[in-house]
1. About the Cα centre, and with charges only on the beta carbon of Lys, Arg (+1) and Asp, Glu (-1), how big is the dipole of segment 7-128? Nearest 20 debye, please.
2. Among 51-64, 103-116, how do they line up from the highest to the lowest mean number of other beta-carbon atoms within 10 Å?
3. So how exposed is His45, as accessible area in Å² (1.4 Å probe, rounded to 10)?
4. State the extension gain, in nm to one decimal, for the chain segment bounded by Thr83 and Asp99, taking 0.36 nm per residue of separation less the distance between their alpha-carbons.
5. In segment 7-128, if every C-alpha pair distance is counted and binned at 5 Å from zero, what percent goes to each bin?
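The values are calculated or read from the model by the stated rules, or taken from the named source; none is laboratory data. Because the structure is a prediction, the values reported are computed rather than measured. FYI the Cβ positions are ideal-geometry reconstructions off the backbone, even for glycines, and counts take in every protein chain you see. With ligands, DNA and RNA removed, areas are computed over all heavy atoms of the protein, side chains included. Shrake-Rupley method; radii C 1.70, N 1.55, O 1.52, S 1.80 Å.
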Amino acid sequence: MTETPTLYEWAGGLDALRRLTTVFYGHVLKDPVLEPVFRHMDPGHPEHVAVWLAEVFGGPETYSHDHGGHRHMVGRHLGRAITEEQRRRWVNLLFDAADEAGLPSDPEFRSAFAAYVEWGSRLAVMFSQPGREVTVEEPMPKWDWGNRPPWQPPSG
């Protein structure tokens, strides 16, 4: 029996996540709901998000080492007052970008991917509201298959 791959490996590694974030933020900057939020985005932002996703999905711990981990990511959202409309648009565009970037489309991967995106985007909204502060040292989230390992065709 072979070892179950991480979501990072199954997705195609850092190259696949870079494709995802490049496609995604290209669409974000053209979107009337999200463009105002990202208008002054650092040109390195798509790369930072790709490295973040890589670590969350079981890849190298580069984001933690180079950018400060979960506390830093939470801090990037403070005071932005993200609305539910913006969150939903962000989620939908990311799901569309996953298709466009060629991420795996099997139900197990997309279920795990969607679960993380929903969880993470709702935390971003929560931490972005006025008066919120980073008060605890949160560990980096580590996402996996849950109870659904990747489907494999029957051998034989």
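1. So the magnitude is around 480 debye.
2. Highest-to-lowest ranking by the protection proxy: 51-64, 103-116.
3. 50 Å²
4. 3.3 nm
5. With a bin width of 5 Å, the distribution comes to 2, 11, 20, 27, 23, 13, 3, 0.
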